[in-house]
Each structure stands twice: as C-alpha cells, then as structure tokens.
Amino acid sequence: MSPFELSEPQTLQDAVAMLDASDTGIRPIAGGTAVMLMMKTGIFQPDRLISLRGIESRYSEVSVDDAGDLHIGAMTPLRRLEKSEEAAQAAPVIRRALRRLSNVRVRNVATLGGHLAHGDPHLDLPPVLIALGARALIVGASGERVIEIEDLFRGYLETALAPDELIAEVVVPAQGTRRATYMKHTTRSADDWPALGIAVSLELNGDEVGSARVAIGAATDTPRRLKSVEAALAGKALADETMQAAGDAAAAEAEVHSDARGSAAYKRELIRVFTRRAVRQIMEMGTGGAV
Amino acid sequence: MAGGSTTTVGHSYPRMEGRAKVTGRAEYIYNMRLPSMLHAKVHRSPISHGRILSIDTSEASAMPGVHHVITGEDVKKVLPEPYYGPAFHDQPILALDKVRHFGEPVAVVLATDPHIAETAAQRIVVDYEELPAVFDEVEALTSDVIVHEELKPAGTFADLKHLAGKRDTNIALDYHLQHGDADKAFADAEHVFEHTFRTQQTMHTPFEPMVALADVRNDHATVYSSTQGPSFVRFELARLLGWPESNVRIKTAHLGGGFGAKVYVKVEALAMALSLIAHRPVRVALTMEEQFYTITKHPSTFRIQSAVDKDGKVIGRKCEVWWNGGAYADIGPRVTQKSGFTAAGPYDIDNVAIDSYALYTNRPPAGALRGFGIPQLVWAYESHTDIIARELGIDPIAFRKQNILRNGRPQAVGTIVKDGEFEAVLDGVAERMNWNRPFDKGSGTKLRGRGVGLGFKASISPTTSSAIVSVNADGSCIVYCSTVDMGQGSDTAMAQIASEVLDIPIEKIRVVNPDTDVTPYDMSTLGSRSTFHMGHAVRLAAGDARDKLHAMAEEVGMPEGSNAPLPELFIRKFGMRAGAIVGSANYIPEFSPPNYDTGQSTNATPFWMIGATGAEVEVDTETGQLTILRLVNVCDIGTPINPIVVETQISGAAVMQLGFTLTENMVIENGQLTNPSLADYKIPGFFDMPDTMENGYIDAVQENGPFGAKGAGESGTFGVSPAIANAIDDAVGVRISEMPITAEAVFRALREKQGKPLEEN
Ligand SMILES: Cc1cc2nc3c(=O)[nH]c(=O)nc-3n(C[C@H](O)[C@H](O)[C@H](O)COP(=O)(O)OP(=O)(O)OC[C@H]3O[C@@H](n4cnc5c(N)ncnc54)[C@H](O)[C@@H]3O)c2cc1C
C-alpha cells in the first residue's frame, strides 16, 4: 500500500468541493472497509482520500418523517442502522438482513453510503432497498438530485454517481401494509459475501398478492429488479403454484455466471429455491401476523 | 511411571501466557523492530515454470529510499550453495536460473520504508522463457515436465537417510510397504472394493504470518524468527554459512499459530542472506497473502482397494497414494513415508501393500500441516470402509469393530501395537452419539444422517529433546527448553512437569522462550511430539536437579526426608542466597528403522495417536447445503498433563479440519492461484461451527510416556472429514469423494442420483 494524503472536511459541502470530477485518484472514504481492501490488493491507489467522518452528525442519523418515510444518513454505520428502532418499525427486513451481513466488526464501521457507492454486486442491502422502493439523495458540485436505488448500479464497482458526487441520505418510503423478506445464501463460509440475495416485498390482499417488488443481488452483474417474477406474483393467489411460478420466473430471468461461489447452473437452482422460499416466508408472516 | 497421585500434573492449570495474550501484552516477533533495520519486500514469479532470461532491477534501484535490490545471483556471491531444505537441498534462497511455482521469490528490495520497498519490488522486470507446467500429482508421476533436473538429498535426518529421489522423474520419494501377501488375499476374496479419493490444496493460515529479522555482523548471525524449530534453523543457517552452530543464534517468542507452517526453514535463510549482503539488520515479514506461496498442505490422490471375506473380515488392502508436494520437497518425503505406512487404516489386516509417492509439481510447496498427511489418508480409508459396510449391509461401527486393530497385534508396518486404544475411542464416539438408539432421519427437504471416522498416526521417530532445569537459591525454578509455545500450551505443560518432579509450586516456575544460545537442542515443535519427548527431557532434567538437591542436603547435614524449605538449603550450602542447582537431560526413544524394500520395522513409533469423530448432519436436498448438527471428537491421548488444554487441542484440531473439509480450497486456474487472501480463501467463522460439539478423551495410560501422557495436538483432525461424508451418505445416499465438500458438490451428486444431472454451467 502506498502513502496518500488524507483530508478531513467538517461539512458535506466542503467534502464535495474537495472532490474532482476529472481526477480518479481522489476519492471519498467513509468506513473504509471496502476502500482499504481495494488499496491492499492494489486495485486502487489513491493520491488523496476525503474522509467523511467529520461531516455534520445529521448524516449519521436515522429518523422517520411525518409521512412515515425513513431517512438514513449516508454516514450511518450499519450497526447503528441495525439497532435503530425507527428502522425496525418502518421496515423490519432491514434489521433482519443486517444481522447476517458480514460480522459485527465490519458493521461497526461500514456505512450505508459506502455500502451503496461501492457498487459491488455481492452486497446485501442493495436488493433489500430496491425491493423497498428506496431512493438516494445525491449532492454534487452542481446541486442535489434524487435517484432510485434500483437505478444506482451500472456495473461491477460502477454506479450512477459522478466522481464529484456524494450520497447524502437514503429514504425508504413508508411501507404501509407491505411485508418484505430477504434471503441471503452463502456457499462458502457462513459470513462470506452472499452468493445470492433475494428480496421480496409484497402487498397482500387477503389470500391474494396485490403488488410485488422483487430484487436480486450477488448472483447477477448488478443488483436489480426481477420484473417477470413481480408479474408472476401480482394478482395471484398465495398458493404453492404461485410460489413455484415465481421461482421458475426468477431462474429464467436472472442472468448468472459461474464464479468462485458456484456454477451458473447451480446458482439458477438456488435462485429458483430461494425466490420460492422468500414468497412462502411472507405468506407465513401474513398468516402469523409477525413481521 | 504412570498413574499414582500427582499434585500438579493432571490438573487444569490456566495457561501461563494466557493473561498476557488476552490483554495484548504478549510479545510476538512480528511486532519486533531492530535499530537501523531495512524492510525487505519480495518480487515473486507470476508464472509456474520457466527459465529466467534476465532480471532488470534498474528502475527499482533508482527509486529514492531503495538501499539494495538483490537477486539469486547476488545471494550466490556470498553463499556459494544457497539451497536449503530438510529432505532435499532443493530450494534456492532466491530463484536461480529457473522458477518452479507461481509466487516463488525471485528478487528482493531493501528499503527503510516498507511501502517504498513494496512499490520498488513491483518495478523489477523479469524476462522468462515459460515452460510447460504440471499441477496434478497423478500426472506428475508420468509427466514429461520435470520440475527438478537434479536432486540433492540433504542427509540430515536419521529417518530420511535413504532418500535419493529418482532422476528424470518427479518422484522425490517412493515408499513401499509389504505385509503378508496382498495379491493372494485379493485372489481369495469374496468381495473386492476399489475407490479413489482426492483432497485439495489448503493453507495453515497462522494469524501471525511468517517473519524473520536477521542481524548478521562479523562472524555472528542472530535471527529472530517466528519458527517452530529454532534448533533446525540454526543447523541449516550454520550449514549455509559454513560456520559453527555457536555462531548462529535463533530466538523465538510466542507464535501467533504455527500448525506446521513454521517448521524447518521458511524465511530465515532469506533474511540471513539479505543481512549478510546489506550489512544491516533486515526484516522479512510476509503478508497473509504471501503465506499461500510459501507452504501448504499436500493435495493427494488415494486409490484404495479392499479384499473382504464372506464374514465381513477385511483380509487384504492395497493402497496407492500420490502426494502433491509442489515445487520443493520441504518435509513432504517424510509425510509420504511416516503417514504412508498407516494408509491401510486402524484395522487388523493380514495382507497389506502400500505404495506412497512424494511428487514434485509446479504448485507452491507442501509440507507439514496438523496431522501430517493423516487427514488425507483417513478421508480415503474411512470413506472406503463405510462404503464397504453399507454395501455389505453391516452397521458401520460393528464392521469397524470386527476388523479393528487391537493391542498385541502387529500394525501393517510390523510393529506390535501397545497402548493404542482404538476400540475404546470408537466406542467413546458411539456412546456419545447414542449410536444404538433410533435416529431421526428428518423429512421432506431436510434429511439427516450420521457417520463416523477413526484414524491414527505414528509419532515421528527417532528424535531427540534436551532440557535444562535450574533451581534458584530462593526456591524458584527456570526451565530451558526449545519447545516453542505456539498456542498449544506447551510452556504450561513443561512447567507442570517440573513442578511435579521438584515439588515447587508452578507459580514459581518460568519457562524460557527458545533461544539457541540459551535453550538446548530440540528436534522441533511438530507432530505432537513435545509432550512426550520434551516432557520426558524436562522430567529427567528436573529429576537430575532433584537428585542434586538431595545430595546437597545430605552434604550440609540435613536429615534425610527433611522438608526444610529450599532457600534454607542454599543458605546452608553457600552462606547466603546464592548459587544454582542445574539438572539436564537428553531424551531419545527407542526405534528400529524400516527395511527399504518391505517397509517393515519392529519398533516404528514410540506411541500411537488415535482420534475418532462422529457427525450428525442435515442436508437441504433443494440446495445441497449442509448443517453440522453435532460433532463428537474422542481421542486416546494417554493420561492428560493438563485436561483443559487437551480438550481445547482436540476442539481446535477438529475445527481446523472442518474448514479443510467444507470451505478451504486454494483454487488454481490457468496456473494461477485465484484466491490468495482471506476474502476468498474461506476459513470457518463462528456461524460455521456445529450446533453442538463435544470433545473428550478416553481413560488411558501411555506406559512409556511422561506421567502416562502422549501427544494430543493432531488427533482431533483425523476423523472429521470422512465422518461428515459418511453422514451425508447416510442422510441422502450420495457419496462425495473429493474435498472440499461444497453444497454444490452435494447438490450435483443428488441430481446425478435422481437421473437429472445438473449441466456444467
Ligand atoms: C471482511 C468483510 C466482509 C464483508 N461482508 C459483507 C457481506 O457479507 N455483505 C455485505 O453486504 N457487505 C459485506 N462487506 C462489505 C461492506 O458492507 C462494505 O465494505 C461496506 O458497506 C462499505 O462501507 P464503508 O463505509 O466502509 O465504505 P468505504 O470503504 O469507505 O467506501 C466504499 C466506496 O464508496 C465510496 N463512498 C463512501 N461513502 C460515500 C458517500 N457517502 N458517497 C459517495 N461515495 C462514497 C468510497 O469512495 C468507496 O469507493 C464486507 C466487508 C468486509 C471488509
């Protein structure tokens, strides 16, 4: 690892000002868990890192507004998000997903902003946030914009963020009566990065599915929605055949590749099984009442 | 000498270094810095096999802050024969002429700043003529690719004196054992079985990576190293330098794990050569990643055949084992031979033929790793044994008991078994698993099964340990021995033994960290030999001191059996609190070397280590995913010196083997290691632990052991892998014959069985 400069701005605006759209040797650093790994392996050799640790504390907070939307500051450590009662009330799936995300040591320092901006497909929260319909507030030199999380990911370690833009906040809209679940599957050690993540959010009308949002992570190039699965669920009875059809649709739609976590053929089977299981789990929550 | 009532030995004393370790105060070599030292960073080969055409160091040398850029040729100028190794002198300190594995050290940059050294090391440009490479051990046997044109046996160890290697082949050692007439047994057999099993390449993953700091000045070399074998490192460096051993000093501290990775020479020769050239102290500290290129566990292929009579008695076994030793032999030939002779398993089989081959390939070198080849063998013979039992419709435990080796019977090597409680260990597992009670096999997509595995190991022999015990005038005591405490609790055990013999409270005993100028010779800390060998040496040295104290008491006129405190005795003798009473001893057990042609020996080992594991697993039939519901490990470790330490050795060994069984795998694609980091080489974490785990040992006495004890560091590894594979077979009726056992492998086997094989991609 080579030496580099470290800047510690005190405001988000100052941090943005220190970034440079034309210089990829300058990068923000939040928890540093991903940046340090890239630096260690030599994939990334920064000249200058802009630490976001000193920026306004409101970017590390979790709150719910009057409309019931959940606001998560980009600098919120994953562990704080996991412990947040507001988040657990608004979307209990977030806490459940976090409990199996890496380990406590990583969650203590890794932030939500870094987690999303990293653009690694093998992360747990992107499919969860996509299924919940979340959006990110982006701040750049030329002002603010809002982007749906589902539109954030462009490729391996590539996002829709410009080099001089920062994620300031993530907003999860009020979920109303929707119920969501996330299935993480690892094929190597239990605390590995996922080989597959499936997030499903359903609106249930009695024994029928109203609308569905289904997202996949880790097995595909980027986290994304699986629209054929959503179509296979919407308006259908919550029965075995529906779950089966959802699983089959997922296996057919998701484009997967062989890698160290498994062959493409195996991953397709996992997608089939875990999509079905995810839907079943929501159905069981539905009848059991617990979320 | 076993049994009887002891006051210190046999009690669960807390580790002497425990508090320092958990409070972050323990000293490790990795944290050490020497005044004015230089940092070394290694430039490694990106190819597996090739001739070095040229090395361009100009850009690296020109970098500000770089002191030296050193190649193999530079080393040769100061050390004319710069090759090392315990079995063959085949490993160059830095590559000369050829590279033989990816990751091989080719050149080194020395700088005061390690970051500069690292950047400069990347700027060295090496031109290679790439040669075809061989990676598979079975192919290596007949391949045209020859890894070493010339073979240079080291001739160091008594048990490896006959090593020669075979010119123009990749065979470093072929070991053959003939016991009875195997061919005839197969001709007479009612049933014949044949299976082949394979294991993958894995790494020790000590959390303190290999590190050596060398300070060579004038005619003295001091090397601080995280080594398991300071005496051997001294011997080897003195040989390279052509100096007496008294001019070479090796010092260690507590090791952050070793597991066999840090035996023999690893980075010490390089550090020494660099300091010799630079005239400055030099620190060579590997990263976790670099350890993957340094030493590994042998991949292996094992073809095993059994001849069984109509009553289910195994009457013959043929074993062919190919050990993938990588590019340098390290201690692989001993693995091939020592572990080789137990390849037929812990069974009483009259007719056995074993052929065991140590092969050179173009992978990183393989050497000793907790179990020393035994886990690879047990994987095969206990999977095979289970398949036979199932096919014959005999209960797997009953089948094993019908064939088990018992005391008084000859093991295949020709040595009569003594103090080897094979059956009791197997019974111990069966009992804890309630083997004879009905077992819930699960339902739907979650099916359950259980299985066992039983393995054993001979101790390395003949080897020597020496110890000095010094009693101070205040009645406290210092133990000097070169056994390295790398987490296994040996300091505590040695202190307990000295305490017991001298009747000095353990709180007043200190065990010195190995330092070859201070602590006397020990073969090495390996193969679970220390409790037995060094335990005896410390016991004898303490006894020697005790006898001298008795003589001194007599001399000063104290009545026999007087319980006057020790300080009193010293004051009477020396007129004040002064003087020291020093006891010393060498210990070497009896041994008879094996016959080269038949492999037979009447006394091949001072003791047998025995371990069995029982596993209960649940298989998710829709994904192949495994849950280990229960893991039971039972060993024969003789009588424990420290019961709690023994239990943690058994659990630690079993968990380590669990990683090798399920997740750990050095993946090599197109001649490159694709996962040399803990991000992608997965050791088990807390959530990979079995839902319940029980570790225990049976009541036993090793009659020739110190206080009835014998080694306990590896036995917990033996049975784990086959127990899990056998449990999977029991649960879902599929057989996995290649490690690691991944969920995908199980799933593919399930689909195969259903007649719907999963496509490759
Ligand atoms: C050992 C280990 C295991 C892991 N296992 C898992 C796992 O199982 N599941 C999982 O989901 N994740 C896992 N992770 C990944 C972890 O979740 C990410 O590393 C983490 O979320 C990144 O957060 P960070 O704050 O540390 O980001 P950093 O490393 O600081 O930054 C990551 C990237 O985001 C950029 N960045 C940071 N903050 C912002 C911002 N506000 N705006 C714009 N760009 C920004 C940085 O420039 C960098 O490119 C693991 C990580 C480690 C080290």
Quick numbers on the range A:179-285, Rg and Dmax over C-alpha atoms in Å, give 13.1, 42
Return the residues of the range B:654-690 for which accessible area with all protein chains present is lower than in the chain on its own by 50 Å² or more; set the probe to 1.4 Å and exclude ligands, DNA and RNA.
-> B:Lys682
Restricting to lysines and to Cα separations under 25 Å from B:Lys184, and discarding same-chain partners fewer than 8 apart, the set is B:Lys310, B:Lys313, B:Lys318, B:Lys401
In whole percent, what relative contact order does chain A give with Cα contacts below 8 Å and a gap of six or more residues?
-> 15
On the accessible surface of the range B:528-616, probed at 1.4 Å, how many percent belong to carbon and sulfur atoms?
-> 51
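What does the charge count near A:Arg135 come to, summing +1 for each Lys or Arg and -1 for each Asp or Glu among other residues with Cβ under 11 Å from its Cβ? Mind dumping the intermediate values first?
Numbers: positive: A:Arg145; negative: A:Asp69, A:Glu148, A:Glu150, A:Asp151, A:Glu169.
Charge balance in the 11 Å sphere: -4.
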In debye, nearest 20, what is the charge dipole magnitude of the range A:57-172 about its Cα centre with +1 on Lys and Arg Cβ and -1 on Asp and Glu Cβ, if you could check?
-> 680
Just round it to a whole percent: the fraction of Cα-Cα distances in the range A:5-51 exceeding 18 Å.
-> 25
How big is the gap, in Å, between the Cα center of the range B:595-618 and the Cα center of the range B:345-411?
-> 8
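Over the Cα atoms of the range B:355-423, compute the convex hull volume and normalise it per residue, giving Å³.
Each residue corresponds to 141 Å³ of Cα convex hull volume.
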Contour minus Cα-Cα span, B:Asn434 to B:Arg33, at 0.36 nm per residue, comes to 138.9 nm
What per residue convex hull volume, in Å³, comes out for the range A:57-172 when only alpha-carbon positions are used?
-> 101
DSSP beta bridge pairing in the range B:358-516, given as percent antiparallel to the nearest 5 = 75
Percent of accessible area on the range B:357-503 owned by carbon and sulfur, 1.4 Å probe?
-> 47
Helix-only [θ] at 222 nm, chain B, -39500 (n - 2.57) per DSSP H run of 4+, per residue, nearest 500, equals -8000 deg cm²/dmol
Taking only protein heavy atoms and a 1.4 Å probe, what accessible area per residue, in Å², does the protein assembly as shown have with all protein chains in place?
-> 37
For the range B:183-318, take the alpha-carbon Rg, divide it by the Kirkwood Rh, and send me Rg/Rh.
-> 1.29
Interface residues in the range B:610-646 - accessible area drops by 50 Å² or more relative to the isolated chain, probe 1.4 Å = B:Glu622, B:Thr623
Counting sequence-distant residues (5 or more places) and residues on other chains, those with an amide H built under 5 Å from that of B:Gly180 are B:Val352
Amide H contacts of B:Arg529 (H built 1.01 Å from N, under 5 Å, at least 5 apart or other chain) = none
Report the one residue of B:Val282, B:Ile304, B:Pro244 whose Cα lies farthest in the direction of the positive end of the charge dipole of the range B:213-330 (charges on C-beta: Lys and Arg +1, Asp and Glu -1; origin at the Cα centre).
-> B:Ile304
Would you calculate, for chain A, the mean residue ellipticity at 222 nm contributed by helices, counting each DSSP H stretch of 4 or more residues as -39,500 (n - 2.57) and dividing by all residues, to the nearest 500?
-> -9500 deg cm²/dmol
Quick one: grab Rg to one decimal and Dmax as a whole number for the range B:498-568, Cα atoms only, in Å.
-> 15.0, 46
What are the semi-axes of the equivalent ellipsoid for the range B:601-688, taken as the square roots of 5 times the Cα gyration tensor eigenvalues, largest first, in whole Å?
-> 31, 20, 14
What ³J(HN,Hα) values, in whole Hz, does the Karplus curve 6.51 cos²θ - 1.76 cosθ + 1.60 give for the range B:434-442 when θ = phi - 60°, with x put for Gly and Pro?
-> 6, 4, 8, 9, x, 10, 6, 8, x
Alpha-carbon Debye profile of chain B, log10 I(q)/I(0) at 0.06, 0.10 Å⁻¹ | -0.37, -1.02
Accessible area buried at the A-B interface, both sides summed, 1.4 Å probe (Å², nearest 100) = 2000
Quick calc, chain B, dipole around Cα centre from Cβ unit charges on Lys, Arg (+) and Asp, Glu (-), nearest 20 debye, gives 1180
Tell me which residues come under 5 Å, amide H to amide H, from B:Tyr347 once H is placed; ignore anything under 5 positions away on its chain.
-> B:Leu405
Ranked from the most accessible area to the least, with a 1.4 Å probe and all protein chains present, what is the order of B:Glu27, B:Glu139, B:Glu618?
-> B:Glu27, B:Glu139, B:Glu618
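Which whole-number percent gives the relative contact order of the range A:5-51, counting Cα pairs below 8 Å spaced six or more residues apart?
In percent, rounded to a whole number, it is 55.
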Report the full-extension gain for the segment A:Met38 to A:Asp65: residue separation times 0.36 nm, less the Cα-Cα distance, to one decimal in nm.
-> 6.1 nm
Can you run phi through the Karplus equation (6.51, -1.76, 1.60; θ = phi - 60°) for the range B:132-138 and list ³J(HN,Hα) in whole Hz, with x for Gly and Pro?
-> x, 10, 10, 10, 9, 5, 6
Rounded FRET efficiency, nearest 0.05, which uses the C-beta distance separating B:Val518 from B:Lys548 and R0 of 25 Å | 0.75
Gaussian network model of chain A, Cα springs within a sub-10 Å range: biggest mean-square fluctuation belongs to which of A:Asp14, A:Asp124, A:Asp259?
-> A:Asp259
Over its Cα atoms, what ratio of radius of gyration to 2.2 N^0.38 Å does the protein assembly as shown give?
-> 1.01
Order the following by accessible area, largest value first: B:Phe607, B:Phe135. Probe radius 1.4 Å; ligands, DNA and RNA are ignored.
-> B:Phe135, B:Phe607
Quick one: Debye curve from the alpha-carbon atoms of the range B:669-724 only, equal weights, vacuum; give me log10 I(q)/I(0) at q = 0.13, 0.14 Å⁻¹ to two decimals.
-> -0.64, -0.70
Tail beyond 22 Å, pair distance distribution of the range B:1-150 (Cα, percent) = 59
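Output the relative contact order of chain B, whole-number percent, from Cα pairs under 8 angstrom with separation of 6+ residues.
On the way: 2000 pairs, mean separation 120.1, N = 761.
Relative contact order for chain B comes out at 16 percent.
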Using a ≥ b ≥ c from the Cα gyration tensor of the range B:32-90 (square roots of the eigenvalues), is it rounded, prolate or oblate, where a/c under 1.5 gives rounded and otherwise the larger of a/b and b/c decides, a/b for prolate?
-> oblate
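Which percent of the Cα-Cα distances in chain A go past 27 Å?
Summing the P(r) tail past 27 Å for chain A gives 40 percent.
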Among A:Leu19, A:Leu6, A:Met38, which residue has its Cα positioned farthest towards the positive end of the charge dipole of the range A:5-51, with +1 placed on the Cβ of Lys and Arg, -1 on the Cβ of Asp and Glu, and the dipole taken about the Cα centre?
-> A:Met38
Rank B:Met534, B:Ile509, B:Leu447 by how far each Cα sits towards the positive end of the charge dipole of chain B (+1 on Lys, Arg Cβ; -1 on Asp, Glu Cβ) and give me just the farthest.
-> B:Ile509
Quick one: if the Förster radius is 30 Å, what FRET efficiency do A:Glu158 and A:Ala234 give, using the C-beta to C-beta distance and rounding to 0.05?
-> 0.45
From zero up to wherever the largest Cα-Cα distance of the range B:272-424 sits, split into 5 Å bins and tell me the percent of pairs in each.
-> 2, 9, 16, 16, 15, 12, 9, 7, 5, 3, 3, 2, 1, 0, 0
Heavy-atom accessible area of A:Met36, protein chains in place, probe 1.4 angstrom, given in Å² to nearest 10, is 80
For helix A:264-288, what angle does its Cα long axis make with the longest principal axis of chain A, in degrees from 0 to 90 and rounded to 10?
-> 70
Computed for the range A:179-285: size of charge dipole around the Cα centre, +1 on C-beta of each Lys and Arg, -1 on C-beta of each Asp and Glu, debye to nearest 20, value 200
Got a sec? Which residues of the range A:161-185 lose 20 Å² or more of accessible surface with every protein chain in place, vs. that chain alone, 1.4 Å probe?
-> A:His185
Over the range A:179-285, with every protein chain in place, what whole percent of the accessible area is carbon and sulfur at 1.4 Å, could you tell me?
-> 46
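The values are calculated or read from the model by the stated rules, or taken from the named source; none is laboratory data. In this text, all values refer to a predicted model and were calculated from it rather than measured experimentally. Here the Cβ is made from the backbone with ideal geometry for all residues, glycine too, and neighbour counts use every protein chain on show. Keep in mind that these areas ignore ligands, DNA and RNA; they rest on the heavy atoms of the full protein, side chains included. Shrake-Rupley method; radii C 1.70, N 1.55, O 1.52, S 1.80 Å.
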